[in-house]
Structure formats: C-alpha cells, structure tokens
Amino acid sequence: MRSPVRGLSPSDSEEASDSTPLLQDAPRAEAAPVCCSARYNLAILAFFGFFVLYALRVNLSVALVDMVDSNTTLVDNRTSKECAEHSTSNKVLHNQTGKRYHWDAETQGWILGSFFYGYIITQIPGGYIARKMGGKLLLGFGVLGTAVFTLLTPIAADLGVGALIVLRALEGLGEGVTFPAMHAMWSSWAPPLERSKLLSISYAGTQLGTVISLPLSGIICFYMNWTYVFYLFGVVGIIWFILWIWLVSDIPETHKTISHCEKEYIISSLKNQLSSQKSIPWIPMLKSLPLWAIVAAHFSYNWTFYTLLTLLPTYMKEILRFSVQKNGILSAVPYFGSWLCMILSGQAADYLRAKWNFSTICVRRVFNLIGMIGPAVFLVAAGFIGCDYSLAVAFLTLSTTLGGFCSSGYSINHLDIAPSYAGILLGITNTFATIPGMVGPVIARSLTPEVSK
C-alpha cells in the first residue's frame, strides 16, 4: 500500500492492508537486548528532559495562586462560597514574604496563555530544522533557553505584566522546538515494533513532570516563597542540558558507546522506512487526509489537556477552596494516573502488534478511541458533582488517566505514516493543537461566573 503522503517511503502501517500485521512481508531483524541499550538510554534521558520541560511549563500555574494578592481575588468576585473552605491544622504558618501583585482574573488568563503564543511559532520551523540538522542540539538548547528564562521570571514579574507575558512567550519559543526535534530523532532511533514503547517512555516525562512540579511548587510556596519555584526548576533544566549534550547522539551511527549488534538492528529495521529524498514534499503533506485526521485528534485532546493543565490549580483554590499546599498535591493526582497509563499503554500497544499480530492501524484507532471518549465522559461528569471533593478528584483523575491511551494513538502516528518527516508532521499538527492553550485559559476565565459577593 502506498504512503498516505505521496512521494514518501512506505511506513509500517502501509506495508500491508489495514487488517494485516505490521511489516508482515518484511524480514524482521533480530531484536537487540533492551538492558543498557543506547536506544532505551535515549528514551530515559528524553523522559527526564520532558519531565523538566513540563515542570518549567506548569510551575507558574501553582505559583500564580500565591503571586496574586488575595484582595484582588475578592474584588474580582470569582471565589465560590458554595463549597466549605478546608482549614489546615498545620503549626507552620504559610510563608508570605513573596511579593504580591494586583492582577485580576482576565490578566491571569493572559499570563497563563502567553506561553503558547511563542510555542505555536516554532513548531513547524523546529521540525524542519531537526530534519535538516538533527534534533539533539535543537532539543537541548530549547530546554536550556526555557530554563534560563524561568530563572528570570521573578525579575519580569517585578517589571510588570507586559514583561512577564513577553518572558513566558519567549519560554514558549524555546519549548516549541522540543517535540518536533524528539520525533525527528526517533525516526532514526526507534525500530518500528518498539515505537510505542520508546515514545511512551520518553513522553511520559511530561506527565511525571507535572506530578512532581505541582505539589513541589505548592510546598515551596507554602514554606518558602514563590520565587524559589522558578529558581529550583531553572537550575534543574541547566543540569539536564549538560547531561543531554554529553551523552546523546543524533543517529545510531555516531553514537560512541552503542553496540554493533544494536546499531545493525536499528539500521536494518529502518532500512525500508526512511526516504532518501532531500526535498520536503510540502504540498503532498498538506493534501494528506491521514495528517488532517491527526490534526483533528491532536487539537481535540489538547483542548481538554491544556485547560486542565493551566486552570486545575485555580479550580482547586477558587471552587473547592483548598490551601496552596493541598492545591499542588491534589492537582498532581490526575497526572500520576496519566503517567502510569502512558507507560503501560505503550507496552500493551507494541505487545499487541508484535505478539498478537494486530495491525498498526487497528491498535492506533482503538487506543485513540479510549483516550478520547473516556476523558470526555468523566470531565463532563465532573461538572455535575457539586462540592463532593472526593468525587471531583476521582473524576478528574479518571479523565486524565484515560487520556494517556492517546500516547499510543495519534501521538505516535506521525512516525507510522511518514517516518522521514515525522518531526515536520508533528510540527504541523502541534501548531493547530497549540491554539487551545492560547485561548482556553482566557475563555475559561471570561466564562467564570461571579459567584460570591
């Protein structure tokens, strides 16, 4: 079967008909051992890289709760009195030495959304540069730039709202290249029957970064002050950058410590996957229906994901009325479930393809269906449970957890349909999928009713 994007080399899902297993007619190279392998070392380093990226991205969501003067919230009339406030018996008083700012709800929405105005710009350029020059340096410097700008956040906040919005947009510019760069690297590193495993491991760092950074940010805000949130995560990002530059290579052929067995396994498994064509077939890409199907899936998933990512701490504070300390912990619980689901679903997807001979397209569709319908059902249900705190956290956790199935659905599909151009394809789909992050927080804030007097 021909590739959905004409002029590209056939990918694993097009080698045979949709009802037949992956690469049925192609001889399979004997798999190299997993333990201490270069490809799994890359996955683990990428895991920690995306851990850092999302820690840098979401720490403001918690810190902002402590940065805003509580009197501003009262004047803005957004905090619900329907749910009882959760009093704490902590003997340690909340440290309030950090400077407070008079930012209303609409301003906070613009601050949270400004990251995505930079993020959307570098998606397609990031994929193009990674295709031409490799993803290692691009991803590394993307993280480094974001880390440095994060260290400057307290200074920008002091300079004013405009400076903070510009700084967050610059952080978005740095992060925008990271996912396309990683996809481009996996096009040279991931054997077809290990794609789900390797990519789910590397991108699961996004969820664990959220799990750790949300409660840790809340604890730092409570016992120290909000400025240390940005200092801590910024330094961690710089440390990761040093390790990444030292240990990683763009392709197996240039890796210093990879075994000959593993190198031959990766190269032989990708021999018929990658295109030697130097020019990029932009027009066939844009005419590809499978690409636009991924765009639709990516956009839909991110609308829910980004809305929760940026506004869940605010929901915990203003509606369920948890303290900043408990806020961070409870906001992280849903993402722990998603992290677990991403790891397990990646293993399950490749097991179904390799051992049970399920076709790639069947696995992607089933996992994507679960990852879309499940979250939608529980997120809608969460809007009807009132002040039942346990049920609210449970429904939000189930919604976010089931979304983890998408990591073995549309999220990997770029590598299935055109592995040589996977970074560019991800750049295209993520450009559209960034729009929810830009407008979601602003729309949600503007729709918040005035619930207290």
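The values are calculated or read from the model by the stated rules, or taken from the named source; none is laboratory data. Owing to the predicted nature of the structure, the values given are computational and were not obtained by experimental measurement. For neighbour counting, all protein chains shown are included, and Cβ atoms are generated from backbone atoms with ideal geometry for every residue, glycine included. To get the accessible areas, we keep the full protein, side chains included, count just its heavy atoms, and leave off ligands, DNA and RNA. Shrake-Rupley method; radii C 1.70, N 1.55, O 1.52, S 1.80 Å.
Looking across segment 317-335, the residues that are at pLDDT 80 or above and either open to solvent by less than 20 Å² (accessible area, probe 1.4 Å) or farther than 16 Å from residue 219 by Cβ (or both) come down to 332, 334, 335.
Sort out which residues of segment 246-300 are touching a His at 6+ places or on another chain (Cβ under 9 Å) and surrounded by fewer than 20 Cβ atoms within 10 Å (Cβ to Cβ), and write them in order of number. Scanning segment 246-300 gives 249, 263. Quick one: in segment 121-155, of everything that is open to solvent by 40 Å² or more (accessible area, probe 1.4 Å) and among the β-branched types (Val, Ile, Thr), which residue is farthest from residue 305 (Cα to Cα)? Among residues in segment 121-155 that are open to solvent by 40 Å² or more (accessible area, probe 1.4 Å) and among the β-branched types (Val, Ile, Thr), the one farthest from residue 305 (Cα to Cα) is 155.
Give the residue, chosen from 381, 376, that is among the small types (Gly, Ala, Ser) and under 22 Å from the mean Cα position of the chain (by Cα).
Just one listed residue meets the conditions, 376.
Scanning segment 357-406 for residues that are open to solvent by 60 Å² or more (accessible area, probe 1.4 Å), closer than 16 Å to residue 337 by Cα and free of Cβ contacts under 8 Å to residues at least 40 places away in the same chain yields a count of 3. Could you look through segment 240-270, keep only residues that are in a loop (DSSP other than H, G, I, E, B) and of a type in the set (S, T, N, Q), and pick out the one that is farthest from residue 47 (Cα to Cα)? In this case the residue turns out to be 259.
Of the residues in segment 30-80, how many are in a strand (DSSP E or B) and at pLDDT 95 or above? Step through it out loud before you land on a result.
Just the residues of segment 30-80 that are in a strand (DSSP E or B), to begin with: 68.
Checking which are at pLDDT 95 or above leaves us with none.
Result for segment 30-80: 0.
Taken together, the criteria exclude residue 175 from residues that are under 22 Å from residue 101 (Cα atoms) and either crowded, with 22+ Cβ neighbours inside 10 Å or of a type in the set (Gly, Ala, Ser) (or both). Condition test on residue 139, is it out of contact with any Ser or Thr (no Cβ under 6 Å at 6 or more places or on another chain) and either assigned to a helix (DSSP H, G or I) or not basic (Lys, Arg) (or both)? Against the criterion (out of contact with any Ser or Thr (no Cβ under 6 Å at 6 or more places or on another chain) and either assigned to a helix (DSSP H, G or I) or not basic (Lys, Arg) (or both)), residue 139 does not qualify.
Looking at the structure I just gave you, is residue 354 modelled with pLDDT of 95 or more and open to solvent by less than 60 Å² (accessible area, probe 1.4 Å)?
Here the answer is no, as residue 354 does not meet what is asked.
Every listed requirement among (1) over 21 Å from the mean Cα position of the chain (by Cα); (2) under 23 Å from residue 428 (Cβ atoms); (3) surrounded by 23 or more Cβ atoms within 10 Å (Cβ to Cβ) is met by residue 226 save one, (2). Determine whether segment 194-216 contains at least one residue that is open to solvent by 20 Å² or more (accessible area, probe 1.4 Å) and farther than 22 Å from residue 401 by Cα. No, segment 194-216 contains no residue that is open to solvent by 20 Å² or more (accessible area, probe 1.4 Å) and farther than 22 Å from residue 401 by Cα. State whether the residues of segment 197-209 include one that is charged (D, E, K, R), in a helix (DSSP H, G or I) and touching a residue at least 12 places away in the same chain (Cβ under 8 Å). Scanning segment 197-209 turns up at least one residue that is charged (D, E, K, R), in a helix (DSSP H, G or I) and touching a residue at least 12 places away in the same chain (Cβ under 8 Å). Between 415, 398, 352, 369, the distinction of being under 24 Å from the mean Cα position of the chain (by Cα), farther than 21 Å from residue 433 by Cβ and either outside any loop (DSSP other than H, G, I, E, B) or among the basic types (Lys, Arg) (or both) belongs to 398 only.
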